[in-house]
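Here's the structure we're looking at; comments come further down.
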Protein chains: 4
Amino acid sequence: MRVQTPYKRASRFFHPSDTVIDVKGKAIGGNKLAVIAGPCAVESEDQLLTIAKAVKQSGATFLRGGAYKPRTSPYSFQGLKEEGLKLLKLASDITGLPVVTEIMAPQQIDTAVQYVDIIQIGARNMQNFDLLKEVGKTDKPILLKRGLSATIEELLMAAEYIMSEGNEEVILCERGIRTFETYTRNTLDLSAVLALKKLSHLPVIVDPSHASGKWWMVEPLSKAAIAVGADGIAVEVHHEPASALSDGEQSIKPDRFANLMKSIKALASIENKEIQE
Amino acid sequence: MRVQTPYKRASRFFHPSDTVIDVKGKAIGGNKLAVIAGPCAVESEDQLLTIAKAVKQSGATFLRGGAYKPRTSPYSFQGLKEEGLKLLKLASDITGLPVVTEIMAPQQIDTAVQYVDIIQIGARNMQNFDLLKEVGKTDKPILLKRGLSATIEELLMAAEYIMSEGNEEVILCERGIRTFETYTRNTLDLSAVLALKKLSHLPVIVDPSHASGKWWMVEPLSKAAIAVGADGIAVEVHHEPASALSDGEQSIKPDRFANLMKSIKALASIENKEIQE
Amino acid sequence: MRVQTPYKRASRFFHPSDTVIDVKGKAIGGNKLAVIAGPCAVESEDQLLTIAKAVKQSGATFLRGGAYKPRTSPYSFQGLKEEGLKLLKLASDITGLPVVTEIMAPQQIDTAVQYVDIIQIGARNMQNFDLLKEVGKTDKPILLKRGLSATIEELLMAAEYIMSEGNEEVILCERGIRTFETYTRNTLDLSAVLALKKLSHLPVIVDPSHASGKWWMVEPLSKAAIAVGADGIAVEVHHEPASALSDGEQSIKPDRFANLMKSIKALASIENKEIQE
Amino acid sequence: MRVQTPYKRASRFFHPSDTVIDVKGKAIGGNKLAVIAGPCAVESEDQLLTIAKAVKQSGATFLRGGAYKPRTSPYSFQGLKEEGLKLLKLASDITGLPVVTEIMAPQQIDTAVQYVDIIQIGARNMQNFDLLKEVGKTDKPILLKRGLSATIEELLMAAEYIMSEGNEEVILCERGIRTFETYTRNTLDLSAVLALKKLSHLPVIVDPSHASGKWWMVEPLSKAAIAVGADGIAVEVHHEPASALSDGEQSIKPDRFANLMKSIKALASIENKEIQE
């Protein structure tokens, strides 16, 4: 039987069982739920360690933080760059949490791989094909975010760009699409989680912070993501959202994150899933 | 303090507590979850009763079924009209389930109110202002579906049209919006549930069948809807989807509906909500 | 040869030559350009006659004005209703311009046909199937506006609803679709003019006022509409936009309308089209 | 007076008069219309020279052709790369037409500037900020295409990224946005031309080929673009569209391009604009 499929390595047809990705002993996919938490941007050692310790204590499994920030304006804060990567490594060493960070250009790869455990490709770069190929040559898992107006097929083809270079450890991330509705920053498309998991064997997580742009939506959308079958969530946490250098509006405080974790754990228990500490 | 708000009766500002609507002793809103189930279209007595009994047995709280069908083509099946309403009444009498049906024009109101318990205004008629005003003069609860490209504010203003005529029993329904993504029929916008419940005191339910257009997405999206905080769901159930006169692709069979109910009940238990039988 | 086509009467396949609609001796379609101009809403005799005379003098071919206004809020000005229709008739008698007005409900038809020459179905009612069928039983030409999120096929199917009742005089109107872009009120889709004219024999006009929501875009978008091949335009003109009861932002003043007419005439001359006075 | 504007160098507020960009003695902006024509991808010497000579003969002002191709699939033709750039240089030398080509990564810049006259940043890379900054350090004019779901403000901010590095010669290009409508590949947003020219002093051109995805729409949409006030167009021309390695569906043949040029010239004459040969 001949099957026309535009993506091969990413396709469930050629790889029927779920891919489970191991990151320093922590699994993403299968019956394990990943909870990636941390600030939008790494701002200082004090800021990062405060948040890292707090999310660790509440049961997060990965730490996130931006060192290279893709900002709409060239005049906005662009991130601490390598200094930020070093702080992420420090926070990882102290908390034991593997770290995720975004890179925006091929020349950042060599530096980033020295400090972080998962490389994130942001929504704006989902079809930066040159960057996709370059991270496809690394041995780090790649967290690939869906573009603002990317179709499900385009997201899988972007994963295929990475995988075709040899790196098959790709985690897909639904983070909201751009629609006519302006009440939320983007429109979270949870059906996409179902579509992606049907078409592909790759793990799929959800980012309710960027999707909604509103901190008070993060917990209920996280619950919805787990209920629909996502393999995890990525949420922005900041201890002082009002003074955050970016995305303060959509960041939750550590105590709310603690509540979120309780909710997620309750859901995990009835879904036969586990948050691996 | 002066507050500018374009909607008044629908606004939570003027009505802080959740509205709970009673329909023949069954509550919608508050800590009660409504599960509205049934075929897209009423096709025959046999079809309707088979499905009605099945969904009743699994624990549905309301029966749905279309007698007047809004179809894109004038040459498609347009519904059984009053004959369909009579069958809904019969099914209601036999099962004890209150019934919901869509009407499309003011002149159908007088007939419909004799047979059904909740009147539905469909997505295409969300801004049929004349119809909104007319159903606002009835004493039946109105299930108001969000238009395909209606903003959250427009949906609340449509509710206001109904309420401004005196009928304050409006149930809002998120049923997917039209976006660039074509894998699903529409894009289910669960953030809208959160926005609507923040801005308004009215109950909000979710229709995963029309949102996704795919039967295999109905159960997980229903779970997500409950997890995000919706007051219920409306799902299409058909015992022979392959031969359904409309929407067979998105209808689930009674045994799958039974599974869905189990999932919803498990969720309800951890959310301190109840499906009222 | 068997052709699958969902629309029949509206299809160019079954009716290869362009439909030209005659309204009191003025043609719409073919090589004739229709210029429909007037206020969003009929506000008073003085207002309407001032504008009607001005647009007549500049060469408009039809007068528009709303008597029944579809407003997002029930608390906004809803139009002068039959009194507005009478004023439109008066303005038509004085200027000789045939008049176009929107109706929103079947019960308005009997009244409207006594006063106006073309009945408009607004964007929000494009899939108010009951209304479509009822205007399909009249002998007035119908100006059918594309819904905010209606596909080209859905617009043609809406025309089919009208035509299947016997009224084949339908004028299609592209008036902008709802997209993520918020700088303009809607996004004018001029490609739709080309698609509609390829798929259908019906005349197609463009409404740049509602599409853009900005008065300063009306003239250049009108020119673009004619350049792309539309059979005419519908524009909002008001002598005192700042105090208009609705849509002042997108209305042009009579002197700008005069300029617009000069631009359109220059274009018409190189396109072998004619504005029929 | 204090004005809040997120873009500075791109803003008309700080630079009221239109920017006119000179490329080898040919102007873009002001009263000069640029017509950029050529194949989607450079395929061979024979192919490129055939097309280049044809478009030159019809009056095109610039030659376009892709050497590095951004393709959704990693398995599709990716372009001839430097070999393609050399062929573009050859075609430029023979025809006298300055050439435009897309680059996708910073490391292609040094090579590209040796061969081409204008560097194009494609829609998918509109927010590849690293790439924007790098081309901002070159002395070549940059043709910056609007992203599929980029707002007008985001496009101007992307221009600002380039300009903030010192290169102020940016040409903006509207090439269709992604909407719910699927009849066309994208939805051409001609209102954006008006918005961009109001907000910015930079020249704005239109690409009707990528916008529509249909060769038979290219000529009328080109006319509409000129009528609305664009400073030029970029169109795909191929002598054998059926065997083109990419975008054959939207490419016009040389004889149709000759007709298009006649139409554009007729429009230019009534708009007091000139196509500079």
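Some values worked out for this structure:
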| read-out | value |
| --- | --- |
| Which listed residue is outside any loop (DSSP other than H, G, I, E, B), away from chain A (no Cβ under 14 Å) and more than 17 Å from the chain's Cα centre (by Cα), from D:K56, D:K86 | D:K86 |
| From D:A211, D:A268, D:A244, D:A227, residue being within 10 Å of another protein chain (Cβ to nearest Cβ), of a type in the set (A, V, I, L, M) and over 30 Å from A:T72 (Cβ atoms) | D:A227 |
| Top-ranked residue of the range C:77-102 - restricted to ones that are in contact with a strand residue (DSSP E or B) (Cβ under 9 Å, 6 or more places away or on another chain) and among the charged types (D, E, K, R), ranked as farthest from C:S44 (Cα to Cα) | C:E102 |
| Qualifying positions in the range D:59-78 - assigned to a loop (DSSP other than H, G, I, E, B), modelled with pLDDT of 95 or more and under 29 Å from A:M157 (Cα atoms) | D:G65, D:A67, D:Y68 |
| All positions within the range C:168-183 that are more than 23 Å from C:D130 (Cβ to Cβ), crowded, with 24+ Cβ neighbours inside 10 Å and among the β-branched types (V, I, T) | C:I177, C:T179 |
| Among the candidates D:I233, D:I226, residue that is within 21 Å of D:K69 (Cα to Cα) and touching a strand residue (DSSP E or B) at 6+ places or on another chain (Cβ under 7 Å) | D:I233 |
| Some residue of the range C:28-43 being in contact with a His (Cβ under 6 Å, 6 or more places away or on another chain), under 23 Å from C:A225 (Cβ atoms) and surrounded by 15 or more Cβ atoms within 10 Å (Cβ to Cβ) | yes |
| Count - residues of the range D:1-52 that are closer than 24 Å to D:A258 by Cα and assigned to a strand (DSSP E or B) | 13 |
| Residue check, B:L63 more than 22 Å from B:K145 (Cα to Cα) and hydrophobic (A, V, I, L, M, F, W, C) | no |
| Number of positions in the range C:214-224 that are more than 7 Å from chain D (Cβ to nearest Cβ), of a type in the set (A, V, I, L, M, F, W, C) and within 15 Å of C:E174 (Cβ to Cβ) | 1 |
| D:G147, sole failed condition from (1) on the phi > 0 side of the Ramachandran plot; (2) crowded, with 23+ Cβ neighbours inside 10 Å | (1) |
| Of all residues in the range D:229-248 being under 22 Å from D:L172 (Cα atoms) and among the small types (G, A, S), the one that is surrounded by the most Cβ atoms within 10 Å (Cβ to Cβ) | D:A230 |
| Residues of the range A:132-171 satisfying the condition of being in contact (Cβ under 8 Å) with a residue 60 or more places away in the chain and polar (S, T, N, Q) | A:S164 |
| Residue count for the range B:61-75, restricted to those that are surrounded by fewer than 22 Cβ atoms within 10 Å (Cβ to Cβ) and within 18 Å of B:H210 (Cα to Cα) | 4 |
| The range C:133-164, residues that are in a helix (DSSP H, G or I), over 23 Å from C:L194 (Cβ atoms) and more than 8 Å from chain B (Cβ to nearest Cβ) | C:E134, C:V135 |
| Yes/no for A:Q107 being in a loop (DSSP other than H, G, I, E, B) and at pLDDT below 95 | no |
| Hey, D:A91 assigned to a helix (DSSP H, G or I), farther than 22 Å from D:E168 by Cβ and either at pLDDT below 95 or among the hydrophobic types (A, V, I, L, M, F, W, C) (or both) or not | yes |
| Entirely in the range A:174-277, the helices (runs of 4 or more DSSP H) that have 1 or more residues that are in contact (Cβ under 8 Å) with a residue 24 or more places away in the chain and among the basic types (K, R) | A:191-199, A:215-228, A:254-270 |
| Extreme residue, farthest from the other protein chains (Cβ to nearest Cβ), among residues of the range A:30-53 that are under 28 Å from A:D18 (Cβ atoms) and touching a helix residue (DSSP H, G or I) at 6+ places or on another chain (Cβ under 8 Å) | A:G38 |
| Selection within the range D:196-217 - surrounded by fewer than 24 Cβ atoms within 10 Å (Cβ to Cβ) and among the hydrophobic types (A, V, I, L, M, F, W, C) | D:L199, D:W215, D:W216 |
| Tabulated pairs, the range C:91-104, first among the hydrophobic types (A, V, I, L, M, F, W, C), second modelled with pLDDT under 95 and in a loop (DSSP other than H, G, I, E, B), C-beta under 8 angstrom, 6+ apart or interchain | C:M104/C:P70 |
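Residue by residue, here is whether (1) more than 13 Å from chain A (Cβ to nearest Cβ); (2) surrounded by fewer than 24 Cβ atoms within 10 Å (Cβ to Cβ); (3) farther than 17 Å from A:S149 by Cβ; (4) in contact with a Ser or Thr (Cβ under 6 Å, 6 or more places away or on another chain) holds:
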{"residue": "D:T111", "(1), (2), (3), (4)": "yes, yes, yes, no"}
{"residue": "D:N125", "(1), (2), (3), (4)": "no, no, no, no"}
{"residue": "D:L131", "(1), (2), (3), (4)": "no, no, yes, no"}
{"residue": "D:G166", "(1), (2), (3), (4)": "no, yes, yes, no"}
{"residue": "D:T187", "(1), (2), (3), (4)": "no, no, no, yes"}
{"residue": "D:S191", "(1), (2), (3), (4)": "yes, no, yes, yes"}
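The values are calculated or read from the model by the stated rules, or taken from the named source; none is laboratory data. Everything quoted here is computed from the prediction, not taken from an experiment. Ideal geometry is used to build each Cβ from the backbone, glycine not excepted, and the neighbour counts take in all protein chains shown.
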